[in-house]
Structures are given as C-alpha cells and as structure tokens.
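What follows is a short report on a single structure.
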Amino acid sequence: MDPLSREYEKSLSSMSPFEIKNKLIALAQDDTRKSTATFLNAGRGNPNWIAYDAREAFFLLGAWAVAECKRVYTDSPGIAGIPSRAGIASRLEKFLADNRDSEGGRLLEGAYRYLVDKLGADPDELAHEWAEGIIGDQYPTPPRILKYTEAIIQPYLAQELGNRDAGEGRELDLFATEGGTAAMCYTFDTLQTNHLVKKGDRIALMAPLFTPYIEIPELDRFGFDVVTISANKVEADGYHYWQYPDSELDKLRDPSVKLVCMINPSNPPSYRLSDHDLEVLIDIVRKDNPNLIVVSDEVYATFADKFDSLLYRLPQNTICVYSFSKYFGATGWRLAVVATAKKNIFDRMIAELPQDKKDDLARRYGSLTLDVESLRFIDRMVADSRDVALNHTAGLSTPQQIMMSLFAAKCLLDTSDTYKQKMQAMIHERWNALWKNTGFTIIPDKLRVGYYSEIDMMVWAKKFYGDEFAAWLPTAHEPLDVTMRLAVEKGIVVLNGSGFDAPEWSIRTSEANLNRDDYEIIGTKVRQILEEYHQEYLASKK
C-alpha cells in the first residue's frame, strides 16, 4: 500500500506515535538509500551527549572496590572476597588522594567529602556502602533506596526542583526505580491496590503529554474516566503559548476528579508551568479538592531556569517522578526516583479507609509486618513492585544507585552551574536552528525549555496562506501526512503530535539527539512540506 495514501495514513492514526515511529524510520531510511539525503531521526528524546566525569568517578570507584575484595582474599580462577568494613574509610581516602589528577577522581573525592563533612555520614559506613554498592554483591538494603544514595539525592532534588533555601531536603522519602517508566507503573499500581483510586474513577490528564500517560488509564485494569486539561488553545494572536486557561484548570475543582497527571516541563511541547498556573493548582487543592492526588513527572526540570516543583509547593498531595536519563545522557542506566513528602495525604487516606478495605490490605501486606496500618504508602509501593511476596529482593540494583549518587554529586558540587548552563545553551541553540529555518516567527518566552518542539502546521497554514487554505488542507490530506511525507520524501523522522493529545496537525521534534546543522535541515524541510501543500492548493483552484 502507498504509504502516502489517505487509506494507509488513516489505518496508522490509532497507533501510538512510538509504534508509528518504527514504520517512519524504515521509510526514511529507504528514502535516504535512494537519494543523497541524510537520514535524520528527531523522533526520540534520547540525548546525544553524556556526563563523562561522573562515569569516570564510577569506574574509578569500581577499580578501588575490586581491590578491596581482592584484599580480603583471592583464589583461582578469579575469585575474591567481599568488602570488609574495618578501616575501609582510611583506605578509600588514601585512594582518593592518589587520584586527584583526574576529573573523575576529584568528583569522587568531592562526593565523599560532601557526604561526610556536610551531611554527617559515618566514613566507614559510607565507604562500605559504596564498595558493596558498586560491586553489587548484596541485595539493596534498605530495598527502597540505599541510605547514602537517599542522603545525597535529597539535597540534589531540593536544589534542582525549587526548594533552594531548604538545605538538605530531608522532608522527602525516595524510592529508587528502574527509570521513569517503572516509576509510572509502580505509582498507578499502588494507588489502585490501596483503594486510593479504583477502576472507573475520574482522573485528569494535563495535555499535551507523554503517550504512556494517555494509554495507561485506558487499560482494562484501570478503565479511568479521563478528563482532559488542555493547553492546546490558540491565543488571539494565533500562537500557542502552551499554558492552561483557568477554565481548564477549574475542571480540577470537582472533587470527583481523584487524580491529575502532568509532565512539567511538558513533553511535548516543552514548557514549564507558569507561576500563575501553579498558584491556581494550589488554590484548587486548598479550597475545593483537598484530596486531589497530583502525579508530577519532572524529568525535564533541570533544563529550566529556577524551576518550582509542586513537590515543594504542594508537598502533601504530590507524587513526584524524577529521572536522571535525559540530563546526564543516561537512558540506558534506567535511573529514577519517586519522591513523596514524609507527611502526605496518601498515608492519611489509607488510614481513613473503611474496615473491609483495611482488612483487604492487611491480608496483602501481612507477610511484611504485624502492623500493616503503619506501613507507609511509599513502602507499599516498594513491596508492590515485587508483588509483595518478593519484597526482600525489591529495589534498584546497587551499582545503579551508586551511579545515581555520583550524578547528583556532580551538580551539588558545581556551584557555578556550569553544566546546567551548557546543557541549556546546547538545547536552545538547536531549538533556534530548527525554528529559524522553518521561517516561522516564535515569540520569546521565559517558560519555554526547548527540549522538544511542537509545530502546529495548521497555525502556520493560516498565518502564511490564510483561512481558506487552512480549511482546504484537511479535505485533501490526513493529519498524519506531514510525518509520513517527511519520512518518505525527506528522510526525516518526527512524531505526530496527535498521539500526545496535542493539536491534530502538529508534529513533535526532539532537540536532544541531533546536532545543530541537522535541525537547520529539518526546519527547512518542514517549511517545504507546507509550501508543497500550498502549491497543490493553488493548482486545485485552477
């Protein structure tokens, strides 16, 4: 079937954009084989950079930890003991002093001193946790998160998510998970298992948003009644500002809405919530919907200036998911945390459940503790992640947790924000290259992060060629035709915005995984598509 036929494009429109992407890649690669074009995939948010000094520190620490194991005993073939705690801190300190000539060594020593001198870590306990953690010879203990991993990530989150004056940020409990996707699944699972939401309940999704948040509520297990809070409104000047009108946010004032999911900054179109929208959400909870559960995915927060998280502005209601994958070029490491305040509505709501529901939960979690009612929500999430029965083997692998700790330390020690400024400048440069070459004029906006772009072709159809052309376009082509044509004719992969509850004629590009010159090409080709549609329109008029 012709991939540019309306019939074929209609058949694809019900699929997830990430599944359509696989077909687009095949089509785009086929086009580049037949021409001199370069295959460009701007369809995924996987970055094309890494934070190398934290990795240097990781592998340096690993070499020391192996030596610690061999120090206990060695045997053939290649067998050693496990790290001994006695005197281990002094041996680590000597190792660190001997390796100050490398960036990784300096970062490792800085992380050690931060934990010991600023956070009060016991030196031998910390060194032993690091040795066993990076070697991976034990189950994660505690299973929720290692003691000193949690200790260093708390101030990191406080620094990056807007609690800048709170110091160590120890008002949070953290659960280390296998990336943000695992955190999503665990969150929905434990909320339902503990009767905080049930099948058929009304929940809200703040759109546009990452496709799994759209698809998970539709699964038969959940079957939620979904209310969409839309930022798709086109303002009077014809532009999208990607913020939420009060009339949309006011849908959350209805107490029948049990939960709201958001990505902040958004994915797509990569804007952070305005101060006004944050205040409206706080007002909604305080005045109208005090039991509203807020699930806030904040993986892109570190690309925004002076970001403010609802985790600190509305702590009792918020479940925050933060992933290290994008900022540090670490999607393959699968590193994330779920964060909740120590005092929260989830524990209170569980305590207020009717007795039959409490009895149900006592049966579920009874193998963990004699006092199930005192088991906190976040610890239930840990147990649920291994179907309770395997709770003793729960938790993110310890080497992953050590890597996470070093990423956090890197930013805590970077008091001049050099890394953050470089990351933001790189993303903005690529974003500017893309939009400059589309010829579309974008108004400066301090809320724009720029990790993704959401290009609404219908907006630009009206601005460049008028309402009559814009009305003709849907009669001649399917909305998916833009992404299909870019792949088939230009060798470029982007995602259809409709799969993210974005405007039907929009496309999403990632500014993370290609170089600046590539985005110049993509911008030019996007504009060409619109011009080709207009030429077709003019021919139809004749």
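The values are calculated or read from the model by the stated rules, or taken from the named source; none is laboratory data. All values reported here derive from a predicted model rather than from experimental measurement. Glycine gets a Cβ as well: all are built from the backbone with ideal geometry, and neighbour counts include every protein chain shown. Surface accessibility is based on the protein's heavy atoms, side chains included, excluding ligands, DNA and RNA. Shrake-Rupley method; radii C 1.70, N 1.55, O 1.52, S 1.80 Å.
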* Answer from LEU174, LEU209, LEU196, LEU191 - the residue that is within 19 Å of LYS342 (Cβ to Cβ), modelled with pLDDT of 90 or more and in a loop (DSSP other than H, G, I, E, B) -> LEU196
* Positions within region 377-434 being in contact with a helix residue (DSSP H, G or I) (Cβ under 8 Å, 6 or more places away or on another chain) and on the phi > 0 side of the Ramachandran plot, in sequence order -> VAL388, GLY395
* Structure fact -> Going through region 422-453 in order, the residues found to be free of Cβ contacts under 8 Å to residues at least 60 places away in the same chain and closer than 30 Å to ILE134 by Cα are LYS422
* **Subset of region 187-214 (residues that are open to solvent by 20 Å² or more (accessible area, probe 1.4 Å) and touching a Gly at 6+ places or on another chain (Cβ under 7 Å))** => LYS199, GLY200
* For LEU447, are the conditions met, namely being in contact with a Phe, Trp or Tyr (Cβ under 6 Å, 6 or more places away or on another chain) and open to solvent by less than 30 Å² (accessible area, probe 1.4 Å)? -> yes
* Among the residues of region 384-401, which ones are surrounded by 21 or more Cβ atoms within 10 Å (Cβ to Cβ) and of a type in the set (A, V, I, L, M, F, W, C)? -> ALA394, LEU396
* Structure fact -> Picked from region 49-95 (must be open to solvent by 70 Å² or more (accessible area, probe 1.4 Å) and touching an Asp or Glu at 6+ places or on another chain (Cβ under 7 Å)), the residue nearest to ASN515 (Cα to Cα) is GLU56
* **Top-ranked residue in region 215-229 [being farther than 29 Å from PRO354 by Cβ and open to solvent by 30 Å² or more (accessible area, probe 1.4 Å); ranked as nearest to the chain's Cα centre (by Cα)]** => GLU215
* Scan region 337-360 and give yes if some residue there is under 27 Å from the mean Cα position of the chain (by Cα), among the small types (Gly, Ala, Ser), under 26 Å from PRO399 (Cα atoms) and open to solvent by 60 Å² or more (accessible area, probe 1.4 Å), otherwise no. => no
* To do: Could you check, for region 237-257, whether at least one of its residues is modelled with pLDDT under 95 and under 16 Å from GLY499 (Cβ atoms)?
  => no
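Conditions (1) of a type in the set (A, V, I, L, M, F, W, C); (2) free of Cβ contacts under 8 Å to residues at least 24 places away in the same chain; (3) closer than 24 Å to ASP347 by Cα, marked per residue:
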{"residue": "LEU146", "(1), (2), (3)": "yes, no, yes"}
{"residue": "GLY179", "(1), (2), (3)": "no, no, no"}
{"residue": "PRO212", "(1), (2), (3)": "no, no, no"}
{"residue": "ASP220", "(1), (2), (3)": "no, yes, no"}
{"residue": "SER230", "(1), (2), (3)": "no, no, no"}
{"residue": "TYR241", "(1), (2), (3)": "no, no, no"}
{"residue": "LEU249", "(1), (2), (3)": "yes, no, no"}
{"residue": "PRO255", "(1), (2), (3)": "no, no, yes"}
* To do: Determine, yes or no, whether ILE378 is within 30 Å of PHE59 (Cβ to Cβ) and part of a helix (DSSP H, G or I).
  => no
* **Among the residues listed as GLU531, GLU504, the single one being at negative phi, open to solvent by 50 Å² or more (accessible area, probe 1.4 Å) and assigned to a loop (DSSP other than H, G, I, E, B)** => GLU504
* Structure fact -> For region 96-113, the count of residues that are touching a residue at least 40 places away in the same chain (Cβ under 8 Å) and open to solvent by less than 30 Å² (accessible area, probe 1.4 Å) equals 6
* To do: Would you please name the residue that is nearest to ALA512 (Cα to Cα), looking only at residues in region 382-438 that are of a type in the set (A, V, I, L, M, F, W, C) and not in a helix (DSSP H, G or I)?
  => LEU396
* Asked: How many of the residues in region 212-247 are out of contact with any strand residue (DSSP E or B) (no Cβ under 6 Å at 6 or more places or on another chain) and in a helix (DSSP H, G or I)?
  -> 7
* Check on ASP250, open to solvent by 60 Å² or more (accessible area, probe 1.4 Å) and part of a helix (DSSP H, G or I) -> yes
* Structure fact -> Selection over region 1-14 where residues are assigned to a loop (DSSP other than H, G, I, E, B) and free of Cβ contacts under 8 Å to residues at least 12 places away in the same chain yields a count of 4
* Structure fact -> From the option list ARG85, ARG44, single residue qualifying as basic (Lys, Arg) and farther than 30 Å from TYR300 by Cα is ARG85
* Of all residues in region 455-481 being open to solvent by less than 20 Å² (accessible area, probe 1.4 Å) and aromatic (Phe, Trp, Tyr), the one that is nearest to LYS436 (Cα to Cα) -> TRP460
